[in-house]
1. Considering only Val393, Gly570, Tyr129, whose Cα is most displaced toward the positive end of the charge dipole of the chain, charges sitting on Cβ of Lys, Arg (+1) and Asp, Glu (-1)?
2. 5 Å is the cut-off here: which amide hydrogens, built 1.01 Å from N in the peptide plane, fall below it relative to His245, excluding neighbours closer than 5 in sequence?
3. I'd like to verify something in the chain: which complete DSSP H helices, judged by Cα projection on the helix axis, reach 15 Å or more and average at least 0.0 on the Kyte-Doolittle scale?
4. Please list the non-local residues whose amide H lies under 5 Å from the amide H of Leu423, H modeled 1.01 Å from N, same-chain partners needing a gap of 5 or more.
5. Once you have the Cα-Cα distance between Ser688 and Met333, take 0.36 nm times their residue separation minus that, and quote the gain in nm to one decimal.
6. How high is the FRET efficiency from Ala702 to Lys554, r the C-beta distance, R0 30 Å, rounded to 0.05?
7. Considering only the chain, what is the antiparallel percent among its DSSP beta bridges, to the nearest 5?
8. Of the options Asn539, Pro685, Val708, report the single residue whose Cα projects farthest towards the positive end of the charge dipole of the chain (beta-carbon charges: Lys, Arg +1; Asp, Glu -1).
Amino acid sequence: MRVSYQILKRFLPELSLRPEEVAEIFLNQGFVVEEVLSARDLFLCPLLAGTLVEARCEGPLTHCTVKLGEHTFRVLVHTSGVPETGSRVLVGLENHTPLFLPVRGERAREVFDFLLPLPPFLEEGDDVYEALIGDDVVFEVEITANRGDCLSVLGLARELAAHCDIPLVLPEVRYTEKPIHHGFRLENEAPHLCPLYTGRYVTAITVRPSPFWIAKELILMGMRPINNVVDITNLVMLEMGQPLHAFDAARIRGNLVRVREAEEGERLMTLDGEERVLKKGMLLIADADRPIALAGVMGGRDTEVGPKTREIFLEAAFFDRVSVRRTARALGMRTEASARFERGVDPLGVMQAASRALALLEEAGGEVASGWLVSGQPPFTVWEISVPWELVVQRLSCEVSQKEGIRILERLGFQVAQEGATLRVRVPSWRPDVREPIDVVEEIGRVYGYGKILSSFPSFPFDPGNVPREESLENLIRAHLVHRGLYEVVTLSLVEGESVDVLGFGKEECVAVLNPLSQEHAVLRPSLFLSLFEVVRTNARRGRRSRGFFEVGKVFFRKEGNFREEKHLGVILWNVPQPALWKEDPLDLFTLKGFLEEIGELAGVEYGAVCSGRVSPVFDEEEAFVVPSPEEGTEPIGWGGKVLPAFLRKHDVEGEVYYLEIRLEGLATWRQDLPVKDFVLPAFPAVSRDISVVVDASTPWAFVASLVAEEAKRSCMALEEFVLFDVFSGDPLPPGKKGFAFRLVFRAPDRTLEDEEVGRWVQKLKEVLKQTGRVVLREEMILSHE
C-alpha cells in the first residue's frame with residue numbers, strides 16, 4: 001500500500017510528526033515500510049503549467065496546441081480528455097519532448113488520453129510541483145494478509161491516530177438526492193457469495209479529466225488517472241478500502257443488474273481488452289442478456305465508462321473473499337479490487353464508501369437519483385471477547401495500567417466494558433482478524449510499544465525428565481532414514497479433493513475445508529501419499545534424480561462419525577532411470593520391505609507376517625501389502641506397495657515408485673523397551689555359508705526364517721545371524737515357484753570354528769527344511785533336472 005504524508009494529514013489534521021517518525025511508528029506497529037520516497041521521485045521531469053491555446057475537434061480526436069513560454073506543442077488528444085481552451089494544463093518536458101502525464105512508467109505517445117487541467121491561479125510556466133505538491137513524502141507499506149483494513153488510507157490513519165492519540169477526521173459526505181426515475185432492478189441469485197449488493201443511479205455525467213488534486217493523489221498512491229468517474233471510484237477505494245465499480249448505465253440491457261454464477265464456457269471481454277473464458281461457479285455481474293463484470297475482480301468492456309457516458313450505475317458490494325480469490329487465480333488476474341476483497345473489506349463500510357463516491361460525483365456535475373438498490377444485508381455479527389487483565393500483564397510483562405489499555409483499545413475502534421478485573425471487548429467490523437483474548441493483548445502491546453517491555457528472565461517449570469516415547473521413536477526413525485540416504489520433506493496438510501477420490505477415500509471419510517482458498521487445498525489429507533507423490537512429481541519435472549523421500553506428518557479422516565487425527569510416517573522410493581555409467585542397485589519391493597523391517601527393529605516391534613492384498617486403487621494388487629499390528633483384532637499398523645505404471649504415466653513420472661506408510665502412534669503403542677546389552681567385540685573369526693532354496697510363490701520368507709531360527713536354537717548352533725540377500729523367480733524355476741538365497745554366519749565366543757563342525761550344522765539345517773515338504777534345495781532341483 002502506497003500512501004503519502006500529506007494524504008495522511010487530510011485524515012489526521014493534527015499530525016505533527018516528521019515523515020521518518022511516521023515510518024518508525026508503522027514499523028513498530030507491525031507494518032514493514034519497504035521504501036520512503038520523495039514525491040518528486042515519482043515524476044520523470046519538472047512539472048510546469050502550460051496553456052491550451054487551441055483545440056480543433058475532429059471526431060474522437062482533437063488537435064490541441066499547448067503553449068509553454070517560447071515553446072509551442074501540437075498534440076493529438078482524445079476529445080473527451082480536452083479541457084476548455086485557455087485552461088492551464090500540466091506539461092512535463094523530458095529531453096524537449098512533451099509529456100502530459102509525466103510519471104514513471106509513462107512514455108511519449110502519438111495520441112494522449114487527456115490533458116490534465118490545473119487550477120486557474122497558476123501562471124504559465126509556474127512550477128506545479130512547488131505550487132501544488134510541495135515537499136511530500138510517499139511511504140511504501142507492506143500490509144500483512146490478515147490486515148485487509150490497512151489496504152486503505154483510513155486504516156493506516158487509524159493506526160497512527162491510535163498511537164499518537166489524535167483525532168481521526170473522515171472526509172465529509174454531503175450530496176443531494178433528486179427524484180429521478182431510472183427503472184433499474186436488482187436480482188441476487190448467489191447470496192452465499194454476495195451477501196450484500198448495493199447500487200445507485202447517477203445521471204448528468206460529463207466524462208472529462210479529473211481535477212488536479214484527485215489525479216495527484218492517485219499518482220502518489222500508485223494509480224494512473226483515467227477520467228473523472230473512474231478516478232473517483234479508485235480514489236474512494238484507496239481512501240476507504242472498499243472497491244467500487246461504475247457501469248455505463250445506458251449499456252446495461254433491460255435495466256437489470258444480476259448477481260449470478262457463471263456457466264461453463266461463458267465469455268467476457270474485460271477492461272484490459274482480454275477475452276476471458278469463464279468456468280462454472282465464477283461469480284458474475286450480468287445484465288438481462290450477458291455478463292458485464294467479474295465480481296470483485298474487473299469490469300467488462302461492454303459497459304465501460306467512456307466519452308459518451310451520461311449516466312452510470314455505481315456498484316458497492318461485499319463479495320465472498322474465497323470466491324474472488326478463486327476467480328482471480330483461475331484467470332491469472334490480480335487487481336487492486338481483488339486484493340482487497342481477498343483480504344476482507346469492512347461489511348459496514350460498503351454503503352459509507354458509496355456515499356463518499358456519490359458526493360464526489362455530485363461535485364463533478366452529476367445528479368444522484370434518490371433511493372438505494374439493495375440486496376441482502378451486511379454480513380456482520382457482533383463479536384465480543386472476555387479478556388482477564390491478568391492475561392495482559394502476564395503476556396506483556398510490563399506495567400501498562402488497565403485504564404491505559406482500555407484507552408488504547410478505544411482509540412483503535414474497539415468498544416470496551418470493564419467488569420472488575422475483566423474487560424468485555426467488542427470487536428469493530430473492520431477487524432475480523434481479532435477473535436481470541438490473545439489477539440486483544442497483541443493490540444494493546446502494539447500501540448503501547450514493544451520497546452517499553454522490560455527484559456526479564458522467563459519463569460516456567462522445567463522438567464529435565466525423559467523424552468516422551470513417541471518423540472524419541474520419531475527422532476530415532478528420522479535419523480535412521482536420513483542415514484540410509486532418504487531426504488526428509490515437510491509438505492502442506494491440504495490437498496486437492498479429486499486426488500483424494502483417486503486414492504479410494506469416500507467423501508464421508510474425508511475432512512473438507514469449509515472455505516478453501518483454492519481447489520488445490522480443499523481437503524485435509526487422509527494419507528501422506530498424496531503429498532510425497534507430489535514431491536516426486538516436482539523432482540521429475542525439474543530433472544532431479546533423488547531416489548527417496550520420507551515425511552513424518554499428520555493425516556486427518558472421519559471414522560464412525562468422529563474426526564480423527566493421527567501422526568504417520570510415509571516413505572516413498574523412486575526407482576528413477578539412472579545414467580548408463582551409474583552402478584547403483586535398482587530399488588524394488590524388497591527394498592521397501594527392508595525399510596519396514598528396519599523401522600520395526602528400531603521400535604522393538606515384531607509385525608508378524610506381512611499380508612498381501614489390495615490397499616488402494618493406485619497400487620498394484622500383486623505387489624501391495626498390509627502390515628498387521630502385533631495384537632490380533634486391532635487396526636493394521638501400516639500398508640504399502642508398488643504404484644501402478646498407468647498412474648505414473650498419467651502424472652509424467654518415469655521409472656517405478658514404491659510407497660510405505662506406517663501409523664507412528666500405533667507403532668509407539670506396541671513398542672517394546674529394548675533391554676540394554678553389553679556388547680563385546682568378537683575375538684574369533686566368523687564362518688559364513690550360503691543356502692539357496694525353492695518354495696511355492698505364496699510361501700513367505702518368514703516361514704523359512706522361523707525354521708532356521710528354531711533349529712539353530714534347539715541344536716545349540718553358534719549361529720550369529722542369517723540374512724536374506726536374494727529373491728528370484730522365472731526361468732529356470734518352474735511356474736508358481738520362487739527362490740530364496742540366504743547367508744548363515746557362524747561364530748563361537750570362545751574358539752575358532754572348524755569347517756567340519758560348520759558343515760554338520762549346515763547339513764542339519766538343510767534336512768530340517770526338506771522335512772517340511774514345502775522347501776526344496778536349489779542344488780537338488782538342478783541335479784534332478786540334469
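What follows is calculated from the coordinates using simple rules that are stated; it is not laboratory data. Note that the structure is predicted; figures quoted are calculated from it, not measured. Here the Cβ positions follow ideal geometry from the backbone for every residue, glycine too, while neighbour counts run over all protein chains shown.
1. Tyr129
2. Distant-sequence amide H within range of His245: Glu315.
3. Details: long enough: 153-164 (16 Å, 0.99); 228-240 (18 Å, 1.06); 350-363 (20 Å, 0.64); 437-448 (17 Å, 0.28); 469-483 (21 Å, -0.55); 529-541 (18 Å, 0.45); 589-603 (21 Å, 0.75); 701-714 (20 Å, 0.36); 755-771 (24 Å, -1.08).
Long hydrophobic helices here: 153-164, 228-240, 350-363, 437-448, 529-541, 589-603, 701-714.
4. Residues meeting the amide H criterion: Val387, Trp389.
5. Details: separation 355, 0.36 × 355 = 127.80 nm, distance 6.91 nm.
Length gained, Ser688 through Met333: 120.9 nm.
6. Details: r = 32 Å, r/R0 = 1.05.
The computed FRET efficiency comes out at 0.40.
7. Numbers: 133 of 143 bridges.
Restricted to the chain, the bridges split so that about 95 percent are antiparallel.
8. Asn539
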